[in-house]
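See below for the structure under consideration.
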């Protein structure tokens with residue numbers, strides 16, 4: 001039997017995507033399996049503004065075997081219990097999208113159905129009263145899970161905020177310790193085999209030629225290999241997600257060290273606020289058809305917690321996806337495979353997910369087309385599901401106070417999202433399709449938070465009497481309150497465990 005194992009892997013581009021890929025391959029394959037080279041140029045900047053994550057990042061870090069406290073110290077990191085949304089459904093309104101579930105399902109029926117039943121009968125308790133993460137976030141509290149039996153304190157879902165540049169540096173050290181070699185240099189040309197168009201080598205400005213068998217494109221928006229060389233094509237989603245620019249700037253920290261990301265709707269987009277140990281990351285994602293770059297920068301600078309620590313940095317992008325993320329012997333990971341604005345902190349997760357799918361279908365030198373097709377099909381499905389969730393935030397709004405909000409409020413949305421609307425608007429039902437990234441809790445949080453109201457509640461919620469439903473929900477509120485009271489302050493927890 002002939003030996004067709006991949007012996008040489010070339011990763012093009014560093015940053016978060018490149019070094020996450022290098023760290024994972026270095027850890028799971030190791031230097032005895034294949035030579036792994038990452039080529040990047042100090043002259044080429046990285047985007048590196050994605051500093052908020054979702055809980056799945058913990059799976060990646062644990063797979064690498066990272067010590068969480070050391071990771072947070074090295075990246076100036078903090079904890080995240082969810083996202084606070086300001087002025088989205090309507091001006092003056094605030095809601096919270098928490099990690100972890102609301103309440104508990106009972107008698108095989110979703111907790112959401114019971115809450116909707118009482119809510120439609122006039123009960124005024126916010127759904128946040130049934131989420132430990134939402135209650136703790138409001139009071140700037142945090143702790144990790146403890147062994148407390150059936151208590152919510154035994155399963156506290158959380159993610160992180162961190163400096164993406166420091167995370168890449170941390171992972172570079174990790175990868176290099178496991179045999180990954182970094183090659184400094186700027187790529188000036190790409191060589192393809194004349195017989196089948198497979199990439200054979202990249203040539204550096206110095207004249208050095210780097211051959212490989214598997215190439216991983218982490219070159220960012222430009223897609224040096226996947227697009228400029230292999231012409232994968234790009235599917236533009238600007239008609240659904242019209243924001244096409246961002247301006248970012250860090251500022252001094254604020255007295256309240258919040259364990260959540262804040263997203264504030266602005267006249268032509270939205271502003272992020274991400275608290276780290278040493279600063280706050282801020283940015284304004286906006287539509288250039290509705291506001292100028294100068295106006296966007298001025299809006300951002302006028303809405304900071306403290307003194308800016310750098311000049312505003314401008315980014316341009318086109319929301320959408322590469323039509324094929326894997327072509328021949330090249331796999332695109334990160335921004336080179338597509339871009340969805342960071343409203344729900346999905347950018348780093350999509351890097352992680354791409355790496356996981358690559359490892360699931362890791363090729364040999366024959367590059368079976370069935371594996372490539374499955375990778376592309378799964379990537380397409382996942383990113384379209386994330387797209388629909390982001391579109392929901394814009395479209396499910398009462399706002400018509402600016403041309404931007406009137407446009408997104410009245411736009412025609414994907415049919416897959418329309419189906420979600422139809423199910424929710426009749427009986428408040430939400431279903432997680434094909435293990436999609438955002439589960440029913442996330443969809444419920446945003447739909448309810450942005451003012452969507454079902455015509456009636458799920459009839460199966462009547463499996464419990466009204467009296468029993470009220471009693472059980474009162475007990476859940478009491479338990480959540482007691483648990484939140486036991487949690488220390490976010491700043492205190494970091495100071496005692498992982499201060500940089």
Treating the angle as unsigned and between 0 and 90°, give the value, to the nearest 10°, between the Cα long axis of helix 15-28 and the longest Cα principal axis of the chain.
-> 80 degrees
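Once you have the Kirkwood Rh of the chain from its Cα pairs, apply Stokes-Einstein at 25 °C and 0.890 mPa s and quote D in µm²/s.
Numbers: Rh = 24.0 Å.
Estimated diffusion coefficient is 102 µm²/s.
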In nanometres, what is the gap between the two model label sites at residue 184 and residue 401, each 7 Å from Cα along Cα-to-Cβ?
-> 5.2 nm
If each of residue 139 and residue 107 carries a label point 7 Å out from its Cα toward its Cβ, how far apart are those two points in nm?
-> 3.2 nm
Whether segment 320-416 is rounded, prolate or oblate, judged on the alpha carbon gyration tensor where a/c under 1.5 counts as rounded = prolate
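Restricting to bridges with both residues inside the chain, how much of the DSSP beta-bridge set is antiparallel, in percent to the nearest 5?
So the antiparallel bridges in the chain amount to around 70 percent.
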How far apart, in nm, are two points set 7 Å out from the Cα along the Cα-to-Cβ line at residue 3 and at residue 310?
-> 4.6 nm
With a/c under 1.5 counting as rounded, go ahead and sort segment 431-500 into rounded, prolate or oblate using the C-alpha gyration tensor (a ≥ b ≥ c being the square roots of the eigenvalues; past the cut-off, prolate if a/b is larger than b/c, else oblate).
-> oblate
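Quickly estimate the mean residue ellipticity at 222 nm for the chain, helices only: each DSSP H run with n ≥ 4 gives -39500 (n - 2.57), and the total goes over all residues, rounded to 500. Walk me through the numbers on the way to the answer.
On the way: 14 runs with 169 residues, N = 500.
-10500 deg cm²/dmol, from helical runs alone.
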Using only Cα atoms, find the angle between the long axis of helix 415-427 and the longest principal axis of the chain, and express it within 0 to 90 degrees, rounded to the nearest 10.
-> 20 degrees
Measure out, as a whole number of angstrom, how far apart the alpha-carbon centroids of segment 95-109 and segment 333-375 sit.
-> 30 Å
Where the Cα atoms of segment 245-316 are projected onto their three principal axes, how long is each span, largest first, in whole Å?
-> 35, 22, 19
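Assuming R0 = 25 Å, can you tell me the calculated FRET efficiency for the pair residue 146 and residue 123, based on Cβ-Cβ distance, to the nearest 0.05?
Calculated transfer efficiency: 0.20.
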Starting from the Cα-Cα distance between residue 90 and residue 462, subtract it from 0.36 nm times their residue separation and give me the gain in nm to one decimal.
-> 130.7 nm
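Quick one: length gained pulling residue 239 to residue 356 fully straight, 0.36 nm per residue minus the C-alpha distance? Mind dumping the intermediate values first?
Numbers: separation 117, 0.36 × 117 = 42.12 nm, distance 3.01 nm.
Separation in residues times 0.36 nm, less the Cα-Cα distance, equals 39.1 nm.
Since every read-out is calculated from the coordinates, none of them should be taken as a lab result. Quantities reported herein were computed from a predicted structural model and do not represent experimental measurements. Neighbour counts run over all protein chains shown; Cβ positions are idealised from the backbone, glycine included.
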